[in-house]
Amino acid sequence: MRQPLAPADYASSVVAVPPIALNADHSVNASANEAIIKHIEAGGVNILLYGGNANLYHFGLDDYRASMEAIKASTAPTTHLITSVGSDFGKAMAQVPIVRHLGFSNVMVLPTSFPADPAGVANGVRKLAAAFGSGLILYLKRENYVEPDELAKLISEKAVSFVKYAVEKSEAADDPYLDAVLSAIGAEYLASGMGETPIHDHLGKRKLTTYTSGAVCIAPTAASELLELYKSGRTAEAFELSKPFLHFEKVRMMLGGLQVLHDGLRLSGVADTGPLMPMVSNLPTDKLARASDAVEALKSAEEQAVSRSLANRRRGVHVS
Ligand SMILES: N[C@@H](CC=O)C(=O)O
């Protein structure tokens, strides 16, 4: 599906945030990316977001165009595809004609770090949305990146269509910025945007619309079940199912979020992801065993979820 996503579309799927597989010369590996996409789609996930985990920060314009062309050609017509622009304003503006030419309807603006201020970010996003011709997904990666009231204005002006919330807190429950954002725009426009670590609070308690995840690229069926369990209020079962995901996220925190996911896809056997685009590196050999153990736990959760899903389908039962 190539239409702009509405909040109701987000509510029905986890958002997978995949890496991009590259060949040894850093050109895009179309067949490996297709294998990753097919694996995710087979698990019932129908929203793919290419952004941070794809390391798009470090793609030049030619590599960006080539990778997005290959990925677009590999997705099923029923899959919603989101690409990202930025993270700086100039690069984002240069990418807008590319995404328009490729026919993307859903585009996220990667978070810019320095120099930027809340009013400047809001106005930059307005200009980008005007150039793109439609609302953009905003990635909130740090507190006060945009003031909550200004964010509400951006949504009412249709410059922002959805928000990925990924401000790291030691306790997800204690997050005054998220409280303020929620009271300004409501949960409907918000995805928990940082993997499984905060979802017990973000989905179970605050009722955000969905969540974004890298681990879902390895265990899409289990991740879909996890979303459904949280959405149907079965939080104890959801928490139990989330354990291998939470462990994977801990390993990512220790060894590198992008690195463990990128190499983890290869270790899982889904696809040979190859190198990462500089300035990010593959895991050193002595860290692979730790990543591999976490990947195996995810694979086992996925196998069990697939068995449950097949059994439920045979009995005509829906998880919720
Ligand atoms: N960074 C998170 C969510 C993606 O946006 C992850 O990789 O799980």
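The values are calculated or read from the model by the stated rules, or taken from the named source; none is laboratory data. Because the structure is a prediction, the values reported are computed rather than measured. Cβ atoms come from the backbone with ideal geometry, glycine included; neighbour counts cover every protein chain shown. With ligands, DNA and RNA removed, areas are computed over all heavy atoms of the protein, side chains included. Shrake-Rupley method; radii C 1.70, N 1.55, O 1.52, S 1.80 Å.
Among the criteria (1) farther than 29 Å from residue 168 by Cβ; (2) open to solvent by less than 10 Å² (accessible area, probe 1.4 Å); (3) not aliphatic (A, V, I, L, M), the one residue 25 does not fulfil is (2). Reported count of residues in the range 79-127, each being at pLDDT 95 or above, assigned to a loop (DSSP other than H, G, I, E, B) and under 21 Å from residue 142 (Cα atoms), is 9. Whenever a residue of the range 234-263 is at negative phi, its partners that are among the acidic types (Asp, Glu) and open to solvent by 20 Å² or more (accessible area, probe 1.4 Å), lying with C-beta atoms within less than 7 angstrom and at least six residues away or across chains, give the pairs 241/225.
Looking at 183, 161, 170 in this structure, which one is more than 14 Å from the ligand (Cβ to nearest atom) and part of a helix (DSSP H, G or I)? Talk me through it step by step, then tell me what you get.
Numbers: 161 fails: part of a helix (DSSP H, G or I); 170 fails: part of a helix (DSSP H, G or I).
183 is the lone residue from the list that is more than 14 Å from the ligand (Cβ to nearest atom) and part of a helix (DSSP H, G or I).
Filter the range 154-168 down to the residues that are under 16 Å from residue 139 (Cα atoms) and charged (D, E, K, R) and list them by number. Quick ask: steps written out before the conclusion?
The initial filter retains those residues of the range 154-168 that are under 16 Å from residue 139 (Cα atoms), namely 154-155, 158-168.
158, 164, 168 - these are the residues of the range 154-168 that are under 16 Å from residue 139 (Cα atoms) and charged (D, E, K, R).
Scan the range 198-227 for residues that are within 12 Å of the ligand (Cβ to nearest atom), part of a helix (DSSP H, G or I) and touching a residue at least 40 places away in the same chain (Cβ under 8 Å) and jot them down. Outline the logic, then answer.
Going residue by residue through the range 198-227, those that are within 12 Å of the ligand (Cβ to nearest atom) are 198-199, 202, 210-219, 223.
Checking the rest, the ones that are also part of a helix (DSSP H, G or I) come to 199, 202, 215-217, 223.
Correct list: 199, 215, 216, 217, 223.
Applying the criterion of being assigned to a loop (DSSP other than H, G, I, E, B) and of a type in the set (Ser, Thr, Tyr) to the residues of the range 1-30, the residue that is farthest from residue 230 (Cα to Cα) is 27. Applying the set (1) away from the ligand (no atom under 14 Å from the Cβ); (2) more than 25 Å from residue 207 (Cβ to Cβ); (3) open to solvent by less than 50 Å² (accessible area, probe 1.4 Å) to residue 280 leaves exactly one unmet item: (1). Taking the range 228-275 as the range and being of a type in the set (A, V, I, L, M, F, W, C) and either in contact with a Cys (Cβ under 9 Å, 6 or more places away or on another chain) or within 14 Å of the ligand (Cβ to nearest atom) (or both) as the test, the residues that pass are 245, 246, 248, 251, 253, 255, 258, 260, 261, 265, 270. Which of the residues belonging to the range 123-147 are under 22 Å from the mean Cα position of the chain (by Cα) and more than 21 Å from residue 57 (Cβ to Cβ)? Selection gives 134, 135, 144. Does residue 210 qualify as being open to solvent by less than 10 Å² (accessible area, probe 1.4 Å) and at pLDDT 95 or above? Spelling it out, residue 210 is indeed open to solvent by less than 10 Å² (accessible area, probe 1.4 Å) and at pLDDT 95 or above.
Out of curiosity, is residue 53 within 13 Å of the ligand (Cβ to nearest atom), in contact with a helix residue (DSSP H, G or I) (Cβ under 6 Å, 6 or more places away or on another chain) and of a type in the set (S, T, N, Q)? In short, yes. Going through (1) in a loop (DSSP other than H, G, I, E, B); (2) under 27 Å from residue 268 (Cβ atoms); (3) touching a Phe, Trp or Tyr at 6+ places or on another chain (Cβ under 7 Å) one by one, residue 76 falls short only on (3). Could you tell me whether residue 232 is modelled with pLDDT of 95 or more and surrounded by 16 or more Cβ atoms within 10 Å (Cβ to Cβ)? Answer is no for this residue. Within the range 141-160, being buried (at least 19 other Cβ atoms within 10 Å of the Cβ) and touching a Phe, Trp or Tyr at 6+ places or on another chain (Cβ under 7 Å) holds for one residue alone: 155.
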